[in-house]
1. Quick check: anything in region 324-337 hydroxyl-bearing (Ser, Thr, Tyr), closer than 13 Å to THR364 by Cβ and touching a residue at least 12 places away in the same chain (Cβ under 8 Å)?
2. Residue check: is ALA230 crowded, with 17+ Cβ neighbours inside 10 Å, over 26 Å from the mean Cα position of the chain (by Cα) and not β-branched (Val, Ile, Thr)?
3. List every residue pair whose Cβ atoms lie under 8 Å apart, where the two residues are 6 or more positions apart in sequence or sit on different chains, the first residue falls within region 345-369 and is on the phi < 0 side of the Ramachandran plot and free of Cβ contacts under 8 Å to residues at least 40 places away in the same chain, and the second residue, located anywhere, is open to solvent by 70 Å² or more (accessible area, probe 1.4 Å) and in a helix (DSSP H, G or I).
4. From the residues in region 494-509 that are among the aliphatic types (A, V, I, L, M) and farther than 10 Å from LEU461 by Cα, which one is most open to solvent (accessible area, probe 1.4 Å)?
5. Would you please list the contacts, defined by Cβ atoms under 8 Å and residues six or more apart or on different chains, that run from a residue in region 304-315 that is closer than 17 Å to LEU367 by Cα to a residue that is open to solvent by 20 Å² or more (accessible area, probe 1.4 Å) and among the aromatic types (Phe, Trp, Tyr)?
6. Could you tell me how many of the residues in region 301-310 are in contact with a helix residue (DSSP H, G or I) (Cβ under 7 Å, 6 or more places away or on another chain), surrounded by fewer than 22 Cβ atoms within 10 Å (Cβ to Cβ) and of a type outside the set (A, V, I, L, M)?
7. Counting only residues that are modelled with pLDDT of 85 or more, give me the helices (runs of 4 or more DSSP H) lying completely in region 81-162 with at least 2 of them.
8. In region 446-469, what residues are farther than 17 Å from TYR406 by Cβ, part of a helix (DSSP H, G or I) and either in contact (Cβ under 8 Å) with a residue 40 or more places away in the chain or open to solvent by less than 30 Å² (accessible area, probe 1.4 Å) (or both)?
Amino acid sequence: MESLAQRAALLRESLHKSQQATDAVVSILGSFDSRLSALDSAMRPIQVRTHAVRTAHENIDRTLRSADVILTQFDRTREAEREIQKGPHENLQGFLDAVDRLRSIERFFSSNRSYRSSDGVLNHVNSLLSKALVKMEGEFQNQLSQRSKPMEPDRLFDCLPSTLRPSSESQPEGGKNPSSENQQSPEAAVYSPPALIEPKFVPLLSKLAQQLVQAGCQQQCSEIYSEARASALESSLKNLGVEKLSKDEVQKMPWEILESKIGNWIHFMRIAVKLLFAGERQLCDQVFECSQSLRDKCFAAITKNSLATLLSFGEAIAMSKRSPEKLFVLLDMYEIMCELQTEIDTIFVGESCSQMRDSALSLTKCLAQTAQKTFSDFEEAVEKDATKNIHTDGTVHPLTSYVINYVKFLFDYQSTLKQLFQEFKKEDGTGSELAAVTMKIMQALQNNLDAKAKQYKDPALMHIFLMNNIHYIVKSVRRSEAKDLLGDDWIQRHRRIVQQNANQYRRIAWSKVLQCLSGQGLTSSGGSGQVGSEGGNSSGASRAAVKERLVRSTRYFRLVSCTIS
């Protein structure tokens, strides 16, 4: 118990000391709290000043960065100004780069109007851009006038397929080229539009145009470009041989001269559309890459007069007085317009060129209508031909050979005629519009020959005439492409007509011979051996008549045999 009491006393003593230590610590901590509060109160102004200094440093850094950017813009402005003052003549690319820098500076200060210097800088930059714009317009015009040179004919000919290039031996005249059989088809022929302006200058022109368009000068830019290129195009066509002829001048021109000009016109149309107009479209697309509407507008302005000059000549021919010899040149003209129609629709694209497309299509339709009417006129002219210079021996009439040659020439234009008549073969595959027209012409010729045959007083000679002419027709058809078109039935039917006329000739010719051999024609030479003077004369006259009939019949019979064979 004493031991326990001692331990309890020690424990109480320890607890008392611990309590004293705790109180001392609490007292010390309490004094620290008051000291910390005093220290915090003392540090707060320092913290405020430190934050203010840090904020000031950040503001200074931002200001310095902004000032650096502004100073950089000022430096760029001074550099651009030096280039603008020099002008575009010495260094066009540098001048254009300076304009781009000025536009960039303008955008920068327009979006940072809070800067005190923004308004002043913007005024200065806009003033420089105005000066630059005037100089760019002048340079654009100067560059175009220097680079837009007329194309020489030789350069254009070099861009044509080899089969269409004129040679020193024969210049291209007339609708059909003499070597047309060996020519490539229009689809296979390769045309290479020439570079109307040296390619190295085109990007610079494009940049100038883009700058002018961005500055809102589309109208001035369009006028400058169109005037320069239109002049070059018209000069190129003039050097080629294209003439500005009024419709009255064309219609009053002698046929020999007109036929030659029509042949040239066909080649001019091909060169103009496939080379010159195609080249102008390509150049427009490159220069005005920034604006589709401006491309179409400028191209229409450039080509309007040139195309109108070419189409006007074609319209004058289509509306001139119709005659059979004009049919083939009409077909040639219609053929080239059909060939070029796809290119015209592709090149003259857009609303600005709609009237020009319509004019070309209108000429194509007008040529087709005139050609169709000429067909009808020819058929009527054949049937009503009143030529009376028939041959006394019944040989082939000039009208027959003329019509047959005319029909043969038609078959050189089979594909064109099928397109002209918008022809499709019938279900049985034996007929066509061209076949119907050909048969009508042949029937008109036969009707005319029947009328001419009646001019012969000798019936036998009339049948000789019909036999010779119809046999000539049949033989010519059998040796030409008309054979497949008209058919074997037509040939056999007309061969029978030839044979019928031959039989009629023999019947009529020999019936007269028999008449001379019968009756009193022979009795005067028979009976008594003595003949009076009058009887002798009568007998001699009868024998002479018989001899003449035999000689004539023999000659005609040989002609018949030769003709039928």
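1. Of the residues in region 324-337, the ones hydroxyl-bearing (Ser, Thr, Tyr) are 334.
Next, only the ones that are closer than 13 Å to THR364 by Cβ stay: 334.
Retained after the next criterion (residues that are touching a residue at least 12 places away in the same chain (Cβ under 8 Å)): 334.
Scanning region 324-337 turns up at least one residue that is hydroxyl-bearing (Ser, Thr, Tyr), closer than 13 Å to THR364 by Cβ and touching a residue at least 12 places away in the same chain (Cβ under 8 Å).
2. Answer is no for this residue.
3. Listed pairs, sorted by first residue: ARG357/ASP345.
4. So the first thing to find is which residues in region 494-509 are among the aliphatic types (A, V, I, L, M), and the list is 497-498, 502, 508-509.
Now narrow it down to the ones that are farther than 10 Å from LEU461 by Cα: 497-498, 502.
On the way: ILE497: 38, VAL498: 8, ALA502: 0 Å².
Among them, the one singled out is ILE497.
5. Short answer, once both residue conditions are applied: LEU310/PHE268.
6. Of the residues in region 301-310, 3 are in contact with a helix residue (DSSP H, G or I) (Cβ under 7 Å, 6 or more places away or on another chain), surrounded by fewer than 22 Cβ atoms within 10 Å (Cβ to Cβ) and of a type outside the set (A, V, I, L, M).
7. On the way: elements: 92-110, 118-147, 153-158.
Answer list for region 81-162: 118-147, 153-158.
8. Initial filter on region 446-469 (farther than 17 Å from TYR406 by Cβ): 450-468.
Checking which are part of a helix (DSSP H, G or I) leaves us with 450-453, 459-468.
Scanning region 446-469 gives LYS452, ALA453, PRO459, ALA460, LEU461, MET462, HIS463, ILE464, PHE465, LEU466, MET467, ASN468.
The values are calculated or read from the model by the stated rules, or taken from the named source; none is laboratory data. Everything quoted here is computed from the prediction, not taken from an experiment. All Cβ positions, even for glycine, are placed from backbone atoms using ideal geometry, and neighbour counts span all protein chains on display. Only protein heavy atoms, including side chains, enter the accessible area calculation; ligands, DNA and RNA are left aside. Shrake-Rupley method; radii C 1.70, N 1.55, O 1.52, S 1.80 Å.
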